[in-house]
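Shown next, in structure tokens, is the structure this report addresses.
The values are calculated or read from the model by the stated rules, or taken from the named source; none is laboratory data. Owing to the predicted nature of the structure, the values given are computational and were not obtained by experimental measurement. Don't worry about glycine lacking a Cβ; one is built from the backbone with ideal geometry, like all the others, and counts go over all protein chains shown.
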Amino acid sequence: MRSIVNSTLLTVIPLAIAGLLFSPALNAQVTHQSKPPQSSLPATSNLYSAGSYCQGDMQNDTHHAQYTSGLRYDIDCMMTQLKDYQHNEQSPNTRYYAYKAQAWLNYAYSEDSEGSLTTAGTDALYQGLTLYYALQQNQLDQLDLTLAIPKSSSLMRPDLWATLQSLKHQGGIEANPRELAFAEVKLIWAAAEYCEFGWRHAREHFAAAERWINQSKVNYLNGNSSTNIDSFTTDELMWYNQLQPLATRGQCQGVSLIKQLPSSITA
């Protein structure tokens, strides 16, 4: 087992600014609100059932911002329910998907709070609800570990994507389900921001993703045998070679990472 990681093993270059995943359900001024106004984000997905997530005790257990929309009100209650799947006694895989659902819903929450009517918010809502219902219905086995980047975003920073995908497929979720889930959504969020607004809006999201991925990589390298590390390094390079030609800069058109799986990896 290796106990110390040489800095040269980290192949990505740190960004200057470190961002944090904005969690509006936790950071906003809280109060109970009985009749939220309508959401400014249209519910284009059949998965979303407005007003149905805060029933019974869930209403009493959830705090809401003083000024919120119907969608954000519902997301607050979804966040409360997701906590049950994020406890340490849950399997790493369950926790990973629960944290990823949280990250997607945070993204949708942020878009709605800005009054955005772009497809990014509805994409995020759809992804978050898909995971939310899969957790509730115990159908995680039907989900692909490798995802498709939605058309509202693009593949940028293939170095980070390569490390992320390698960690996910080499057991990195065991130790870092939260960090990998948050980083994955942040990379998508960052590219979407870059496409729409440029680097100024995207850099804090890229920085947050990079920090979580680097932290997860260090934990993986420090906690595994030389054989596992060699396998991880090989897959990381294979992923990078597959993804680098697909990287775009400011052209949001989406990409299916499942189609780019190296031959040694299964979805």
For the subset of the stretch 67-105 comprising residues that are among the small types (Gly, Ala, Ser) and farther than 21 Å from residue 187 by Cβ, which member is surrounded by the fewest Cβ atoms within 10 Å (Cβ to Cβ)?
91
Residue pairs, Cβ under 7 Å, 6 or more apart or interchain, first in the stretch 131-150 and closer than 14 Å to residue 188 by Cβ, second among the aromatic types (Phe, Trp, Tyr) and surrounded by 16 or more Cβ atoms within 10 Å (Cβ to Cβ). List them.
131/97; 131/104
Which one of these does residue 166 not meet: (1) under 12 Å from the mean Cα position of the chain (by Cα); (2) crowded, with 24+ Cβ neighbours inside 10 Å; (3) under 19 Å from residue 247 (Cα atoms)?
(1)
Tell me yes or no: at least one residue of the stretch 174-189 is crowded, with 20+ Cβ neighbours inside 10 Å and of a type in the set (Val, Ile, Thr).
yes
Breaking point among (1) at pLDDT 90 or above; (2) among the small types (Gly, Ala, Ser); (3) surrounded by fewer than 17 Cβ atoms within 10 Å (Cβ to Cβ); (4) under 17 Å from residue 254 (Cα atoms), for residue 171
(4)
Apart from one, (1) buried (at least 22 other Cβ atoms within 10 Å of the Cβ); (2) modelled with pLDDT under 85; (3) under 26 Å from residue 192 (Cα atoms) all hold for residue 64; the odd one out is (3)
Considering residues that are under 12 Å from the mean Cα position of the chain (by Cα) and either within 14 Å of residue 249 (Cα to Cα) or surrounded by fewer than 18 Cβ atoms within 10 Å (Cβ to Cβ) (or both), the number found within the stretch 190-205 is 1
Can you find even one residue in the stretch 155-166 that is touching a Lys or Arg at 6+ places or on another chain (Cβ under 8 Å) and assigned to a loop (DSSP other than H, G, I, E, B)?
yes
